[in-house]
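Right, one structure below, let's go through it.
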Amino acid sequence: MKKIATFLITLFLLTSELLAENNIKENENISIKTFNISDEQELYNSLKKIFFSSEHKNILDSGWRGLHMSKRVTSGFIDIDVEVQNVVLSSKPIDKNGTKEFTLEIFTTQNDEVTHFKPDSFLHRLFWNRLEFILGLEDEWIDCHHMFEALGQNNHLLCSPNEQKALQEVKVEK
């Protein structure tokens, strides 16, 4: 009886893992990239240093397998609107050689409405550029203030840091 219970629990856990994996793969709001990184925490700390705002507008929180960055933006005089910009980066190991799969979700919440940015959007490309720049895989830093694609996105938390700040704050080994 104990073996049957163990088998059923194992089967349930494996099925749950497969269902969760399928949900991530099928979610049209998530972009996925694979990197060989030995220390995720060092990478998360580097991203936190770059996106930390001296005005304390950005909220940065990391765990063992993820980083959540958010920024509150208020607008209006009488009827005040609060928008929360969210960037969620998660990772999972693929093999024992340090290869990890990173998933990225970018969305805003405003008046209980959630708006997702699609994986082919400028903000997804911008985040991956920032990450690859930190890792030394990308030489060019995309500047939001000089790009047509960034029109309307200049106030987003991903546009707040500049290349000089990134170069001063972060040095992650390849």
*Residue ID - farthest from residue 156 (Cα to Cα), chosen from residues in region 101-116 that are of a type in the set (D, E, K, R) and surrounded by 11 or more Cβ atoms within 10 Å (Cβ to Cβ)*: 101
*Does any residue in region 37-61 that is surrounded by fewer than 19 Cβ atoms within 10 Å (Cβ to Cβ) and assigned to a loop (DSSP other than H, G, I, E, B) come within less than 6 Å, Cβ to Cβ, of a residue that is at pLDDT 80 or above and not β-branched (Val, Ile, Thr) six or more places away or on a different chain, and which pairs are these?*
38/98; 57/71
*Condition test on residue 126, is it crowded, with 18+ Cβ neighbours inside 10 Å and in a strand (DSSP E or B)?*
no
*Checking residue 77 against (1) over 18 Å from residue 159 (Cβ atoms); (2) modelled with pLDDT of 90 or more, which single condition isn't satisfied?*
(2)
*Scan region 80-100 for residues that are over 23 Å from residue 156 (Cα atoms) and surrounded by fewer than 16 Cβ atoms within 10 Å (Cβ to Cβ) and report the count.*
8
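The values are calculated or read from the model by the stated rules, or taken from the named source; none is laboratory data. Everything numeric in this text was worked out from a predicted model, so none of it was measured. Positions of Cβ are generated from backbone atoms using ideal geometry, with glycine treated the same way; all protein chains shown enter the neighbour counts.
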